[in-house]
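S.K.: Pasting a structure below so you can have a look.
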Amino acid sequence: MRAQSSATASVPIAVPAPPRGRGFGTLQAALGVVAFSLTFPATAWGLEGFGPWSLVAVRSVLAAVIAGGCLLALRVPLPARRHWPGLAVVAAGVVLGFPMLTTLALRTSTTAHAAVVVGLLPLTTALFSSLRTGSRPSRTFWAAALVGAAAVVAFTVRQSGGALTTADLYLFGALLVCAAGYTEGGRLAGAMPGWQVIGWALVLCLPLTLPVAAVALTAEPVRLTAHSVTGLLWVAAGSQFLGLIVWYRGMASIGIPKASQLQLAQPLLTLVWSVLLLGEHLPVAAPVTAIAVLVCIAVTQRARG
C-alpha cells in the first residue's frame, strides 16, 4: 500500500458547508446517534452469553474484519504518517476504552443509569473539540448545551435513585476517553472519509484484540443464545463500525460541537430501547425531558458554531 497523498490531508473542518450539505451532515450524525442508542441494550444482551472481556474483544475483532475487508477490497492506501497518532487516540478511546469501561459498568448497572455517561458526553465532546481544534461556539450554544446536559443528567440520576454506584468510576472514565476519541475522529474525518477513520483505528487494534479474544473465550464461559449473538453482532457491526461511519461523516460536515449536541437525545432513545428490548419501565418524566432536550438541540444547531 502507498502512503496517502498530502493533497488530501488537510481539509479544515471549520470551512462552512453549503446548506444542503449541513442538512445531510446533520442527518448522518443523527443516524449515528440512533445506532449508538442501541449500544447499551445490545451490550446487556451480549452479557447474557459472554463475559465482559470476551464481548469487547470479539466485537472489536469482528468489526476489524469487516473494516479490513472493505479497506482491502477498495485498495485504500495507508494513511499519511501524520494521521497515525490521531488514529491511535480514536482506537484507544472509541475501539477499546469506551466499550470496555461501559461493559464492565453494565455488569452491575442498569442501562438507565449508564445513560448518565451519554448525558454528559455531548458537553464533554464540545469542550474537547474547543481545546483541540480551536473552535469557538457562541455563548448561546454553550448555554443550550449546559441546559441540555443538566436536563439529561437530572433525569437519569433521578431514575437511578440519585445514588452513586461502583460502576460510576467506569462510566466517568468511559466519558473522558470517548470524548477524546470522538474529537480526534471528527478532526481526521476532515482529511479522509469517515469510514476509513474508524476502519484504520479498528485494524490498528487487531494485534491486541485478536489474542485477547482468544484468551478471554477460553477463560470466560460462553453461552450462545439468540440474545447474546444478536447483541454481539450489533455492537460489532452497528455500534462499532456502521454507526461511527455516519457519525464521523456528520461531524466533519457540520462541525464537532454541533454534532456532539445531537447526542443529548441518545439517553432518551436508549431508554425507549430498554423498555422495548429489556422490559424496563418508561418513567413519567421521560416525555417532559424529551421536549426539553429537543429544544436545546434545536438551539445548538441554530447557534453560531
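S.K.: Which of rounded, prolate or oblate describes the chain when judged by the alpha-carbon gyration tensor and an a/c cut-off of 1.5?
M.R.: Cα axes put the chain in the oblate bin.
S.K.: For the chain, what is the accessible area per residue in Å², given a 1.4 Å probe and the full set of protein chains?
M.R.: Roughly 44 Å² per residue, with all protein chains present.
S.K.: Related question: Gain in length, Thr218 to Ser130, computed as 0.36 nm per residue apart minus the alpha-carbon separation, to one decimal in nm?
M.R.: Residue separation times 0.36 nm, minus the Cα-Cα distance, leaves 27.3 nm.
S.K.: A further question follows. Calculate the dipole size of the chain relative to its Cα centre from +1 charges on Lys and Arg beta carbons and -1 charges on Asp and Glu beta carbons; express the result in debye to the nearest 20.
M.R.: 1060 debye
S.K.: If packing is taken as the mean number of other Cβ atoms within 10 Å per residue, what is the order of 62-70, 222-230, 88-96, 291-299, highest first?
M.R.: 88-96, 62-70, 291-299, 222-230
S.K.: Further question on the same structure: Where does the chain land at 222 nm, in deg cm²/dmol rounded to the nearest 500, when only DSSP H runs of n ≥ 4 count, each adding -39500 (n - 2.57), divided by all residues?
M.R.: The helix-only estimate for the chain comes to -22000 deg cm²/dmol at 222 nm.
S.K.: Positive end of the charge dipole of segment 28-182 (Lys, Arg +1 and Asp, Glu -1 on Cβ, about the Cα centre): tell me which of Ala88, Ser135, Ala67 has its Cα farthest that way.
M.R.: Ser135
The values are calculated or read from the model by the stated rules, or taken from the named source; none is laboratory data. Not measured: the values here are computed from a predicted model. Ideal geometry is used to build each Cβ from the backbone, glycine not excepted, and the neighbour counts take in all protein chains shown. For the accessible areas, the whole protein counts, side chains as well, though only heavy atoms, and no ligand, DNA or RNA atoms are used. Shrake-Rupley method; radii C 1.70, N 1.55, O 1.52, S 1.80 Å.
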